1. If all Cα-Cα distances of the stretch 75-120 are sorted into 10 Å bins from 0 onward, what percent lands in each bin, rounded to whole numbers?
2. Counting DSSP beta bridges with both partners in the chain, what percentage is antiparallel, nearest 5?
3. Restricting attention to the alpha-carbon atoms of the chain, what are Rg (one decimal) and Dmax (integer), both in Å?
4. Relative contact order of the chain: what whole-number percent is it, with Cα pairs under 8 angstrom and at least 6 residues apart?
5. Modelled label-to-label distance, Asp181 and Ala8, 7 Å Cα→beta-carbon offset: nm?
6. As a test of the formula, what do you get for the chain when each DSSP H run with n ≥ 4 contributes -39,500 (n - 2.57) and the sum is divided by the residue count, at 222 nm and rounded to the nearest 500 deg cm²/dmol?
7. Quick query: amide H of Thr214 versus all other amide H atoms, modeled in the peptide plane; which residues come in under 5 Å with a sequence gap of 5 or more or a different chain?
8. What size of dipole, in debye to the nearest 20, comes out for the chain about its Cα centre when the only charges are +1 on Lys and Arg C-beta atoms and -1 on Asp and Glu C-beta atoms?
Amino acid sequence: FTMGSSQAEIGAANAIPERKPPDVIRFLADETPSHPVYLDDYSINTYEVTFQEYGVCVRAGVCNPPAQSLAESSGGNLPVVGVNWEEARTYCVWVGGDLPSEAQWEKAARGPSANPSRYPWGNDVDPAKANVLADGVQPVGSFQAGVSAYGVQDMAGNVWEWVYDYYAEETYQRAGGEATDNPRGPETGERRVLRGGSYENDWVEARSTHRNSTRPGDGHGDVGFRCVISSADIPD
């Protein structure tokens, strides 16, 4: 699939209606250049991991409690937040998988075509399909119409999602536009990548190519995660 944004897409992104003043131009160079990526088969969670699911790991004595109380989880069906990168990965490994790489996450969000979509459902802004520019987190699966071509839900808005990779602004530039196989990002770094945007963000940040980052030791109230299982580990 094609990973990242072309210069034309960067221009289109800067023209998306949003809450910030129209004269604010985003510098989205870390999404360029677009380049072909080849991935081995994998399976990815349909939904973000919920408080209820994460709580099973906590009660098993494997996972740390999230910074936000399980009692605040509206029956447990909200995406778990308040977990840092290591805590998120601990859960994924416990269930037999791992955090998705940036490439795995983006492919699941954008679809298989040679010209992948801006959002999981297509190229148009649609408030009925994602929890963006909103007042708070919603239960997983609240925006069924926003499903990706692969049947994955909630990949735009609601909460940011941890992925495996260290962040570097020049990650794609280092690839030089050439094809890469199963990329996993830089070997070291100070920050880990976040994907997908949150309810607090706008439609530029909710795009499937948008890259954000934070320190891996921080647990935020608008950051959750989902897991992947590689082809070698997918049950028959």
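1. Percent of Cα pairs in each bin: 22, 37, 31, 9, 0.
2. Beta bridges within the chain, antiparallel portion: roughly 75 percent.
3. 16.8, 53
4. Computed over the chain, the figure is 30 percent.
5. 3.1
6. Calculated mean residue ellipticity at 222 nm is -4500 deg cm²/dmol.
7. It is Arg192, Leu194, by chain and number.
8. 200
The values are calculated or read from the model by the stated rules, or taken from the named source; none is laboratory data. Every value quoted in this text rests on a predicted model; they were computed, and no experiment measured them. Here Cβ is always computed from backbone atoms with ideal geometry, including for glycine, and neighbour counts include all displayed protein chains. Surface areas here come from the heavy atoms of the whole protein model, side chains and all, with no ligands, DNA or RNA. Shrake-Rupley method; radii C 1.70, N 1.55, O 1.52, S 1.80 Å.
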